Amino acid sequence: MLEIKNLHVSVGDREILKGLTLTVKDGEVAAIMGPNGTGKSTLSYVIAGREGYDVTQGEVLLNGENILDLDPHERAARGLFLAFQYPVEIPGVATMQFLKATLNAQRRSRGEPELQTPDLMKRVRDAAAKLGVSQEMLRRPLNSGFSGGEKKRMEVLQMALLEPSVGILDETDSGLDIDALRVVSEGVNTLRSPHRSFLVITHYQRLLDYIRPDTVHVMAQGRIQRSGGPELALELEKNGYRDYIAEEAA
Amino acid sequence: MINLSNEADAVYAAQFETMRDSGAAQRRTDAYRAFAARGLPNRRVESWHYTDLKAALTKPAPLATTHSVTHALARTHDAVRLVMVDGKLRPDLSDLDTLPAGVRMQCLQEALASAGPTVTATLWPDNADDAAIALNGALMQNGLVVTVAPGAEAPRPLELITLVSGNEPQAVFTRSALIVGAGAHIRIIETHGVLDAGTEAASLAGAQLNHVLTMRLDADAKVDLLTNVAGFGETSVSVVSLIAHLDARARLNAHQLIEGGGLLRRQIFAALDGEHAHAAFNGVTLARARQHADTTLVVDHRQPHGESHERFRTILDGQAVGVFQGKIIVRSAAQKTDGVMQSKAILLSDGATMNNKPELEIFADDVKCGHGATCGRLDRDQLFYLMARGLPRGEAESLLLAAFANEAMAGIEDEALRDFFEARIGAWLTGRAGA
């Protein structure tokens with residue numbers, strides 16, 4: 001479960017999140033929709049612990065624990081996963097080597113025994129097959145020279161292996177053609193479970209045809225402006241965000 | 001006119017007197033005069049602008065005379081080993097009986113006494129006008145002269161180990177030569193360090209090593225050279241030089257790992273003297289604390305169709321100072337030269353300094369040459385990505401730094417040797433992350 005309470009975040013002198021409050025229950029898929037420049041990516045980075053953001057007020061609770069003072073790797077080990085909008089290319093680090101390092105770092109952090117290579121290989125192969133990630137991709141340096149679709153599939157592959165309790169998908173649909181969108185969405189859907197929550201950040205309704213949300217939240221001007229069910233996404237697709245922007249400006 | 005204006009020069013003058021009659025008296029005298037006319041290089045000498053050897057050697061240590069007693073030396077490579085400690089060949093630590101067929105080894109003293117024209121030309125090359133090398137020529141105590149017969153193919157690498165024992169400050173001057181006959185192939189591992197490195201005595205003793213390896217590759221010869229400089233204490237001063245001559249179609253594939261310690265200068269002078277000669281120089285330098293690590297390289301293309309590739313990576317932490325000076329010269333005769341030089345540095349702290357100076361001097365008109373030099377910090381996006389996946393900062397940094405450094409080691413053809421170098425880089429990074 002993810003609880004965001006009255007979150008205020010600034011970068012330099014500019015306040016970007018202005019008292020954002022949102023709860024995603026166990027098993028829930030919550031979608032955040034909103035126009036560009038409204039702080040959606042800031043929200044995902046702040047939850048994951050990126051440097052450069054000042055949290056001036058508020059809390060983020062992961063399964064009841066405030067994680068704002070934890071380092072990014074500690075948040076990950078406690079079950080948080082951020083699927084990046086722009087997965088970073090890391091030349092020189094083989095994908096398989098990276099997967100082994102991250103899986104075992106998280107296990108060590110939780111006091112669990114490390115996975116041995118054969119066990120790890122089997123898990124990776126099984127998960128990769130489901131997502132159409134080729135063995136050749138696993139041998140390449142992480143995300144290096146991957147197409148947009150390959151990068152997003154790699155994000156979902158990592159999520160499947162790391163088994164987080166909260167997954168944040170930041171604009172996972174950006175840069176995907178319709179076939180890749182389907183594969184990635186199916187990958188996410190198979191990970192849905194009563195013990196896992198998702199926060200799906202997008203500005204198009206299209207992704208939500210594939211990943212059906214339980215709740216939809218409209219974010220604008222650094223706050224949640226309105227919450228509702230899946231029908232809210234359809235309404236936004238029809239009317240756009242102008243009501244929310246106009247409201248703020250008024 | 002010999003200038004004895006300071007204490008260091010006076011010490012070297014006295015040391016030269018003791019070495020004058022240790023073989024090749026005329027060559028030594030010429031070398032000493034060349035040195036004394038200039039003195040130790042300081043910042044006013046352009047090629048030493050970033051490394052002030054004169055300031056570092058105000059008190060030259062006495063020439064090494066104490067040769068430590070029998071000492072076990074861990075074997076790190078499957079190689080035929082030749083060990084010098086404090087400027088003296090140590091048969092007890094060397095594999096003199098198992099030299100590969102076609103490989104002959106003489107001590108420098110023997111070689112000087114019976115030197116033929118090839119040995120003489122190799123030991124006294126014409127393409128390294130440098131005061132530190134001149135000083136080495138005047139004071140060289142010993143060395144190994146290795147000859148590989150034409151066409152020989154040495155199945156195991158030859159490991160040349162030069163150690164300074166760390167009991168008290170002492171200066172070691174060694175000069176070795178490698179003469180590789182036409183079409184022969186040999187792998188050489190050069191290891192320079194301190195006996196009992198890591199002990200308090202070794203780090204305080206302040207070893208002063210001036211080593212020169214001269215190399216001559218006849219037509220179609222091939223040498224894989226791996227150089228590791230490691231373990232020097234914080235008060236040590238080391239200059240480790242390589243001077244190479246390549247004849248037609250000869251190939252030199254060189255990799256070096258320089259692990260900082262005190263003031264350290266690696267200098268390479270390579271002359272491509274035959275058509276289609278090919279030289280690759282790759283290196284990783286790791287330095288921390290107040291270490292000073294300089295790599296200076298001059299590649300001189302003298303004949304057409306030569307190729308040279310240089311790829312260097314430097315990682316600096318603490319207050320360390322790194323230097324990379326790389327100069328590619330393309331003479332007017334050297335048409336169709338292909339030369340690419342790249343030096344990249346990552347600075348891990350605000351106190352570290354990198355001096356990156358690539359240079360091209362091109363006198364031919366039909367060549368393909370380029371260079372690139374960068375200095376930066378670790379990429380924050382990459383670091384955050386790895387941490388968001390569960391890697392603690394130190395581990396994430398080490399993973400990225402290893403990837404950065406290993407790029408320069410990718411061309412080591414022998415997998416076991418490549419693994420060895422990568423493991424040493426990994427150990428340095430782990431030591432840093434744990435510190």
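A short reminder: the numbers here are calculations on the coordinates, not readings from a lab. Because the structure is predicted, anything quoted here is derived from the model rather than measured. Reconstructed Cβ throughout: ideal geometry from the backbone, glycine too, with neighbour counts over all protein chains shown.
Take B:N167 and A:R226, extend 7 Å from each Cα along the Cα→Cβ direction, and tell me the distance between the two endpoints in nm.
8.8 nm
Only helical DSSP H runs with n ≥ 4 go in: add -39500 (n - 2.57) per run for chain B, normalise by residue count and round the 222 nm mean residue ellipticity to 500 deg cm²/dmol. Can you show the working numbers first?
Working: 10 runs with 102 residues, N = 435.
Calculated mean residue ellipticity at 222 nm is -7000 deg cm²/dmol.
With both partners inside chain A, how many of the DSSP beta bridges are antiparallel, as a percent to the nearest 5?
On the way: 25 of 43 bridges.
The antiparallel fraction comes to roughly 60 percent.
Treating region A:88-127 as a set of equal point scatterers at the Cα positions, no solvent, please give the Debye-formula log₁₀ I(q)/I(0) at q = 0.16, 0.31 Å⁻¹.
Relative scattering, expressed as log10 I(q)/I(0), comes to -0.43, -1.05.
Based on alpha-carbon atoms only, what is the radius of gyration of the protein assembly as shown relative to the globular estimate 2.2 N^0.38 Å? All intermediate terms of the calculation are to be shown ahead of the outcome.
On the way: Rg = 30.9 Å, N = 685, 2.2 N^0.38 = 26.3 Å.
Normalised Rg, Cα atoms only: 1.18.
Just need the relative contact order of chain B here, percent rounded to a whole number, with Cα pairs under 8 Å and 6+ apart. Working shown, then result.
Details: 1153 pairs, mean separation 40.5, N = 435.
Answer for chain B is 9 percent.
Along its three principal axes, how long is region A:180-250 when you only count alpha carbons? Whole Å, largest extent first please.
43, 25, 18
Counting partner chain Cβ atoms within 10 Å of every residue's Cβ in A:70-79, what's the average?
Details: counts 0, 3, 12, 10, 3, 3, 6, 2, 1, 0.
What the average comes to for A:70-79 is 4.
Where the centroid of each part is defined by its Cα atoms, how far is region B:128-167 from region A:159-227 in Å?
Result: 64 Å between the Cα centres.
Students often check this: by mean Cβ neighbours within 10 Å, which of B:256-263, B:14-21, B:398-405 ranks highest, and how do the rest follow? Mind showing how you got there, number by number?
On the way: B:256-263: 24.9, B:14-21: 14.2, B:398-405: 22.6.
Taking the mean over residues of other Cβ atoms within 10 Å, the ranking is B:256-263, B:398-405, B:14-21.
Which Rg and Dmax, in Å, describe the Cα atoms of region B:248-333?
Looking at region B:248-333, its Cα Rg and Dmax stand at 14.6, 45 Å.
Could you sort out which of A:K5/A:K100; A:K25/A:K151; A:K151/B:K357 sit more than 30 Å apart by Cα distance in this structure? Don't skip to the answer; put the middle values down first.
Details: A:K5/A:K100 35 Å; A:K25/A:K151 28 Å; A:K151/B:K357 37 Å.
Long pairs (Cα-Cα over 30 Å): A:K5/A:K100; A:K151/B:K357.
Grab the beta carbon distance between B:R377 and B:A433, set R0 = 22 Å, and tell me the FRET efficiency rounded to 0.05.
0.90
So what's the back-of-envelope 222 nm ellipticity for chain A, counting only DSSP H runs of four-plus at -39500 (n - 2.57) apiece and dividing by all residues, rounded to 500? Before the final figure, lay out each step's value.
Working: 10 runs with 101 residues, N = 250.
Computed ellipticity for chain A at 222 nm equals -12000 deg cm²/dmol.
What list of ³J(HN,Hα) values in whole Hz, one per residue of region B:206-220 in order, does the Karplus curve 6.51 cos²θ - 1.76 cosθ + 1.60 (θ = phi - 60°) give from phi, with Gly and Pro shown as x?
Working through the residues one at a time gives x, 4, 10, 10, 10, 10, 10, 10, 9, 9, 10, 10, 6, 3, 6 Hz.
Hey, got the average number of other protein chain Cβ atoms within 10 angstrom for residues in A:44-50?
Values: counts 0, 2, 0, 0, 4, 3, 7.
What the average comes to for A:44-50 is 2.
Using the alpha-carbon centroid of each, what span in Å lies between region B:311-354 and region B:240-293?
If you average the Cα positions of each part, the centres end up 11 Å apart.
What Kirkwood hydrodynamic radius do you get for chain B when you take the inverse of the mean 1/r over all pairs of distinct Cα atoms, in Å? It would help to have the intermediate numbers written out before the result.
Numbers: mean 1/r = 0.0456 Å⁻¹.
That comes to 21.9 Å for chain B.
Bin width 5 Å, alpha-carbon pairs only: give the P(r) of region A:109-250 as whole percents, running from 0 to the bin holding the largest distance.
Binned Cα distances yield the sequence 2, 8, 16, 18, 17, 14, 9, 7, 4, 2, 1, 0, 0.
Inside 10 Å of the C-beta atoms of B:389-402, what's the mean count of C-beta atoms belonging to other chains?
Taking all residues of B:389-402 together, the mean is 6.
Just to be sure I understand: if I project the alpha-carbon convex hull of region B:301-435 onto a plane and average over all orientations, what area do I get in nm²?
Numbers: hull surface 38.7 nm².
Average of the hull's projected areas for region B:301-435 equals 9.7 nm².
How large is the translational diffusion coefficient of region B:149-205 in µm² per second when you combine the Kirkwood radius over alpha carbon pairs with Stokes-Einstein at 37 °C and 0.692 mPa s? Each step should come with its number before you reach the end.
Working: Rh = 13.6 Å.
Estimated via Stokes-Einstein, D reaches 241 µm²/s.
Taking the Cα centre as origin and putting +1 on Lys and Arg beta-carbons and -1 on Asp and Glu beta-carbons, what dipole magnitude results for the protein assembly as shown, to the nearest 20 debye? Walk me through the numbers before you get to the answer.
On the way: 71 positive and 86 negative charges, 38 e Å.
In debye, rounded to 20, the protein assembly as shown gives about 180.
Expressed as a whole number of Å, what is the distance separating the alpha-carbon centroids of region B:384-411 and region B:175-218?
30 Å
For Cα pairs less than 8 Å apart in space and 6+ apart in sequence, what is the mean separation divided by the residue count of region B:240-292, i.e. the relative contact order in percent? Working shown, then result.
Details: 98 pairs, mean separation 26.4, N = 53.
Here the relative contact order equals 50 percent.
Against the globular-protein guess of 2.2 N^0.38 Å, express the Cα radius of gyration of region B:379-435 as a ratio, rounded to two decimals.
On the way: Rg = 12.5 Å, N = 57, 2.2 N^0.38 = 10.2 Å.
So the Cα radius of gyration is 1.22 times the expected 2.2 N^0.38 Å.
So for the pair B:R290, B:S114, with labels modelled 7 Å out along Cα→Cβ, what separation do we get in nm?
4.9 nm
Sticking to Cα atoms, compute the Rg of chain A to one decimal and its Dmax as the biggest Cα-Cα distance, whole number, in Å.
Here Rg and the maximum Cα pair distance are 18.0, 61 Å.
Give me the compactness ratio for region A:36-150, meaning the Cα radius of gyration over 2.2 N^0.38 Å. Mind dumping the intermediate values first?
Values: Rg = 16.3 Å, N = 115, 2.2 N^0.38 = 13.4 Å.
Dividing the Cα radius of gyration by 2.2 N^0.38 Å gives 1.22.
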